[in-house]
Each structure stands twice: as C-alpha cells, then as structure tokens.
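The values are calculated or read from the model by the stated rules, or taken from the named source; none is laboratory data. These numbers come from a predicted model, not from an experiment. All Cβ positions, glycine included, derive from the backbone under ideal geometry; neighbour counts span all protein chains shown. Keep in mind that these areas ignore ligands, DNA and RNA; they rest on the heavy atoms of the full protein, side chains included. Shrake-Rupley method; radii C 1.70, N 1.55, O 1.52, S 1.80 Å.
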Amino acid sequence: MSASAWLAIGAVVAAVAAPGVGSPVVALAAMATALVAGGTSRIGRDRAAGARSSFRPALAAGIGAFAIAIRLLTSPLSDATEADRDLPDGRGPWIATVEARGSDREGQQLATLRITRDHDTGVGQAWLVAATLPRYPEIEPGLIVTVDGALEAPPTGPYGDYLRRIGVLATIRSRGLSVDATLDGPAAALERLRRGAGDALGAAIPEPEAGLAAGIVIGLRDRVDRDLAADFTTVGASHVVAISGWNIAIVAATVAALARGLGRRRRSLILSVAIVAYALFAGASPSVVRAAAMAGVVLLARESGRAGRAAAALGWAAAILLVVEPALVLDAGFQLSTLATAGILAWADRLDRHLRAVAGGRLPGWLAESLGVSLAAQAATLPVVLATFGRLAIIAPAINLAVVPLVAPAMGAAMIALLGGAVAVLGGPAVVATVAGLPAWGLLTAMCAIVRAGAGLPIASLTLEPPWTLITAVGVAVVPMMVVLGRRHGLGRARRGGARVPTAGPSSTAPASSSPSSAPHANQRSAGRPSRGAARAAALTLAIAVGALGLAAAHRADGTTRITVLDVGQGDSILVEGGRGGRMLIDGGPDPDRLLVELDRRLPPWDRRIDILVLTHPHEDHVAGLPVLLERYRIGRIYETGMRGPGPGYGAFARDLARASAPPDGILSTGARIALDDIRFRVLWPDPGHVPREPPDAGRGINDVSIVLLGEVAGRRFLLTGDVEDDVDPLLAQRGLPPIDILKVAHHGSATASTPAFLDAVRPRVAIVSAGAGNPYGHPARSTIDRLAATGARVLRTDTDGSVAVSIATDGTISVATSGARKAALLPVAPGPRVAALGAAVPLLAASAVSFSCGIPSGR
C-alpha cells in the first residue's frame, strides 16, 4: 500500500476519533507517531532497505492524523444542536432561496431551502431547512420563494442525524408557496438549461422512463419515479440513477472504450472533457464534483499509462478533502465515492480480463470494461452500504450484468431523444420527438423491466438489523482483504521458488493468428457474403421492425371498451377508452407524476392524446394532476362544473386554461349528453344554476357539485359519481336510477356516501373504490364496504388491488383486471336486455368563457 494511502488512512482515523477523544489528544498522538516512525526510519538507513520501508506507513499515517488535528484545533466544527435550541418562533412568512430539489412525494414538492428570519427586510440569520411544499408552483434551484409554517428541529433517529450531517437545522411543512424572483448567474443559467433538457426528454419519452433518462443523462434525480428508484435500490443497481463515483466511472469508462482507436493523448483529452461535462450537467453539487474528481483521477491515470500513480493521487485527494472538511468522514457519499474509486483501481482491470476470458473473445471490449467497472465499484462499496443502510442486494451481480450493458446505448439514445424533444418544445412537430424518443424508450423500458422483475423476487434483497449490519459489513470487507493477502503470499512464494506466475491478459485469450497462406482462402470463403457488421445491422433492423409491429398491434383498437380506475393515491382519476380508440379522462388525482406514470404505462408513446377531459369538482385530490397533463398530452376538450377551486393545483390548472393555446372548455350540468365512440354519457348532476362560482366551504360544499356521469355501451351501464355525499345520492335515487353493472364509489368510500337508498336503486355488480393506501381519512369506511358487499357487488379497491380495469366486449361480456395484489380476474356477465337505451347523443357542448382565481389548499 502506498504512503499516500496510509496518509489518507491516518486522516480518516483522526477525523473519526477527534470528536470523541479531543483534537489535542489526537494531535499529540499523531505527532508522537510521526516522530518515532521518522526517527526509527532514519536510524535504519544503514540497514536493509526492507526494514527501513516498514516504518513509512506509520510516518504517513501520523502526518495525516496530525493535519486533521491541527485543522480541528484552528477551526472547530460547528454544532448544529446549538441552533436547534434557538429556532425562531412564528409561522413566517419566510423568504427563502431554493438550494436543492428532491423527488416529489404524494403530490408535494420536497426541497432544501435557505431561509431568513426576517421576511420584511430580507435580512437576518440564514437557516438551511428541509421543506415539504405544495406541488404548485413548480420550483427549481436558484428561485427565491416565500413560504409559511413553523420551523421545527429535525426529528430524532437516522433521518434527523442525516439532516444534521448535511447542515440542515430545521424542517418546515408549508401550505403556501409563491415564487418571487430568480437568481442570475452561470449556476442559475445552467440549472435552467438542465431543467429544460429534462422537459425535452419528457416530451419525447413516456414516464417513468423519461424521469429515468433525466436521472442518468443530466443528473435530475428528482425526476426519477420514487417507486422505480426504490426498485433500483432493492436490486443493488442504484448507481444507475444516482450520480456517484461508480456512475461517473461507468460513463467515463464507456466513453474511453468507445474512443479506444484514438491515440492515448487524444483519448485522455476526450475522457477529461466527458467527466467535466457530465459533472456540470449533473448539477455540479459538491458530492458530484467530489465523485467526478476521484473517478477522474483513476481513469485518467489508466488512460495516460501511469496507472501506478492513481492510488497515490486517490490517497492525496481523500486526505485533502478531509483536511478541508473533516465531517466528510461520516458522509455516506464521500465514503461511497472513495471506496468505489478504490475498487475500480484495484479490481476493474482484473474483472475486465476475466470477463473477456470467460466469454472467449465474444464479449465486446467496451462492454467488458463497463461491467468490470460496475462490479468492482459495487464490491468495494458493499461494506458501507451494509453498515449504513442495512440492505444486502443478493441478486445485484446478476441484475448488473443484465442492466449495465444497456446503460451506454440508453444514454446515447436518450441524447437523441433530448434533441428531438427540444425540437417539439420549441414549437416543432411533435412527431419528431416521438420518433427520436422511441429507441431510448425501448432501452429504458428493458432496464425498468429487468429491475422490476428482480425487485419482485422474494430473494432480491435482505434487510439486516443491528448488530448484524456491522457484523456482515466487517465480514464482507475482510473476505477480499484475505483474498488479496493470500494471492500476494502465493506470489511471493512463487517468486522465491523461481517459478514464473502466469497472469491473465488479452494475449492469453487471443486466438492464434492465421498463417499468411491461409488468408487468401479466408477471403475466398467470405467473398459474396455480407459482412458480419452488415448482418448484425440487418438483424437489428428486423428486430426493431418486429418490435414496432408488436407495439402497434398491442395498442390497436379492437372494439372493446375499457374503464380503468387508476391507482393515483388518495384521489380520483378514471381513464375511459372507447372501442375505436377514443379516450376520456375523468379527474387527474392529487399527484401529477403518478398520473403520468399510470397513463403512459397504458397509452402508446406515439399517441399522447386525450379527446375529452372532465374535472368533476375542483378539490386538489381531483385536479392537482391536470396541469402537468396539459403540458404532456394533447387535450381535445375540457369540461368542469364552473366552480373555482381553492387550492394551488386548481390555480395552476386555471392559468393553463387561460392561455391562448389551451383547449376549449365548457360546463356540464344535468341533462347534458356526451358521446365517445360507441359510449353514450348522460350527466345526472349537478343541476343547472345550482353551482356557485365561489365554494361555500372547503369540504362538502365542493364535493356536492361533483359531476355524475352515467355511461352505456354494449348493453352495459356504468356510473361515475365523483365525490357526491349523502345529501345528493338519495336525491339521484328519487329521480330514478336504473340498475348498473359498474359503480365508481363516491367520495373514496367514505361513510358519508353511497347511502342504502342509493345502493338499493343501482345494485352494482362491480363496485370500485379509489383510495390511497394508509390515507389519514380512514377511507374507505368499513360501513360503506359492508353496504356494498350486501348488495352482492364484487368490491375492488385501488389501495389494495392497484389500478382496476374493467373491459366490456362488443357482446357485453365484462372482465375485470387489477394491477395489485389480486391479478387479472375474469367476471363473466351474460348479455341481456337489462339496460334500456339512454337516447341519442347530442353534439359536444360549446365552450363558455370563464375566469378563475387561486386560493389556499383545503382539506376535504
């Protein structure tokens, strides 16, 4: 081990020990170690060289520890707990600068803000705060915003410890959010460019693949779907979506392998530019810059032919970073970056050669190198992952072998999709983005399918609890050390015995060269045959054509009507697809990201179209998903009730409708009729003239203006009831409701909906409740579920069954499929004269001019 490595080890030990035993003690011990080691080394100069070199590690470690101790003596670390006891009182409002953006969760934005104590003057003590914010308006790093809410100390436990380590002194949950200004400068311009690139990817690639592309290509981790990111973590492939040392190493190694035919100097230059560009486009955060620096040290040393100096450079880099900021020693990002780089340095070449040997020369060089880098980094970081997160991804090697080969081509295809999406975003034809995005969508879909399949296995990962996390981590760390020591011991004995130790290398697996006389025969055999490259290109073209044909066939309209109650959490969103391809969406749920994932999963990427959009009422759990939908999909026509919504989601929806390019919108009321292919809809509620422009209250007053739709197709009826409560559905029953086959249960199955009188009238065969798992409202109520079951209906729930899709064939046969716990069950219903005709449909209603206003978020 080099002296620089021992220098880094001494710095690490001192950084860990100093807070516990005190910096003076560490300084004295380090100084004594360095002096003794140095003096002993000088005494031994006249002795054998081997004896002298044995003291160099102690000398280097002592110097590293002494440097850390002096740093802590001259500039002690700040104590975040002191600030915790002096948090300012009040609920704001606070002026804040957005420092970082996290992944959205359940329709809320997560961000790190730097706020001030004084809103009026904008001056005062700055606080780094972990904030939970409304979903609208959308924010990004560099914005100056105003929020409200009380500042609270970080919670106890691992999450609170993590917040304190990264300098977060408080948390805040705000119900209000406004954007005041945007910071200027290169950093803000780069962030806007990154966000624009993410939007371009979203225009070309469906979700969640678009978010995954944004995470891989430009480091927008907040765009990656949370469930998908969790699956990547479960299978041990999180390096694909998290910008870290191994991620940058994979990118750089792939670039270097693709540039293998160039000279060493030009190849090193290209590699340097690739690392810097990727780090900048990934956001250039401290952790990304640190990871890029460490990966660059190793890879550039290898490319320049000075691989022996890479370990020394890595040791110096780690020691210097710790002297600048000793608290990094406890940062998981620093640990993972350092170990990943060390693992690449120690094992990547060996794994590369081994993979080539096992493949017998059939594995492309760039692929073998990428796999070697990935597996080496993963093996080196496994002890930290176990000790920190307590998770052992058992199938990680197999998943990485399948996923890593797709990363480089997916990144290249995503860059093409980005360019095509940029054309569409700037006003060009949407078909350009669609065509450009299809290759990336196919590759990313394959990656997601592999990861999801792996994460669904019972043995995908093992969660450990203390003290087994530490015990397993130590065991995992000791095994490779024993292997290395054993190999060195065997090598030393072989050398002492005079034997030559064979080493694996490219030449060991290369086939013997043919004699000159055999070359003409080979040329004669290949004459008239297509080259291997041409054959591969033809095969790839054929595969793409077959795949495209299969996709088109899968999405071809076949006459079947489908009503899908989407699993969008605690809210409502229903997709109705007609037998000839018409589409209608009723409500958008509370979470736009989840809505896009559910829709893009079911609709073809080349046809982002919704013919009719209906907002049953303006509560946030029905409207908040729609503003982003209007950006991603082409909407033919919009209907609503005419009531303003009090929340930020409706405010964003109203602003979109006010644009000149917005689709036409109108108001639905009792008696109106709509046609979608062969489906006939009749509006049963609300009555004309009974919907106030402003909501009378935040709850029932909004629920009871919900649009209620009765649909008929192929002799079957389905009733979509919005959120009407027990003062509306008895009235509907009194007016005369026919028996129905499918019921979307009102108000998420609450106790104040689906009254006995109403259920006695409709007596559904299938009843579907849209509710979020673990919601705070207790939906659906046990009493409502019992009432539904008493009618003989088959009851399905999105919180336990996932999305529920009901298909109605042309002969009236009904089948029900679920995406969750209960999969693809068939419910046959014999066709018969149960349903009377609803009457002829009238043309779509004309749009009416309406105005909107934005209020505060409301409970229901």
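Tabulated values for the structure
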item: Whole-Hz ³J(HN,Hα) from phi, Karplus 6.51 cos²θ - 1.76 cosθ + 1.60, for region 186-198, glycine and proline x; result: x, 5, 5, 5, 5, 5, 5, 5, 4, 5, x, 5, x
item: Where region 362-421 is the region considered: accessible area per residue in Å², 1.4 Å probe; result: 34
item: Qualifying trypsin sites (Lys or Arg not before Pro) in region 640-746, DSSP loop, other Cβ atoms within 10 Å at most 12; result: R659, R693
item: Förster radius 51 Å - calculated FRET efficiency between A181 and R264, Cβ distance, rounded to 0.05; result: 0.55
item: Gain in span if fully extended, T156 to R391, counting 0.36 nm per residue against the direct Cα distance; result: 82.5 nm
item: Amide H contacts under 5 Å for R583, placed H, 5+ residues apart; result: G578, D611, I612
item: Region 575-680: relative contact order as a whole-number percent, Cα under 8 Å and 6+ apart; result: 28
item: Region 352-456: trypsin sites (Lys or Arg not before Pro) falling in loop per DSSP and having at most 15 other Cβ within 10 Å; result: R362
item: Karplus 3J(HN,Hα) series, Hz, for region 589-594 with 6.51 cos²θ - 1.76 cosθ + 1.60 (x for Gly, Pro); result: x, x, 10, x, 5, 5
item: Efficiency of FRET between A773 and A359 - r from beta-carbon atoms, R0 56 angstrom, step 0.05; result: 0.80
item: Relative contact order of region 668-769, defined on C-alpha pairs under 8 angstrom at six or more residues apart (%); result: 21
item: Length released on extending from D607 to I166, taking residue separation times 0.36 nm less the Cα-Cα span; result: 154.4 nm
item: Label-reachable residues, region 703-721, where backbone N falls under 20 Å from a point 7 Å from D727's Cα toward its Cβ; result: 703-708, 721
item: For region 656-661, Karplus couplings with θ = phi - 60° (6.51, -1.76, 1.60), whole Hz, Gly/Pro x; result: 5, 5, 7, 6, 5, 8
item: Probe 1.4 Å, protein heavy atoms only - accessible area per residue of region 613-684 in square angstrom; result: 28
item: For A170, residues with placed amide H under 5 Å, excluding near neighbours; result: A130
item: Placed amide H near S754: partners under 5 Å, 5+ positions off or other chain; result: A746
item: Length released on extending from R192 to L330, taking residue separation times 0.36 nm less the Cα-Cα span; result: 46.5 nm
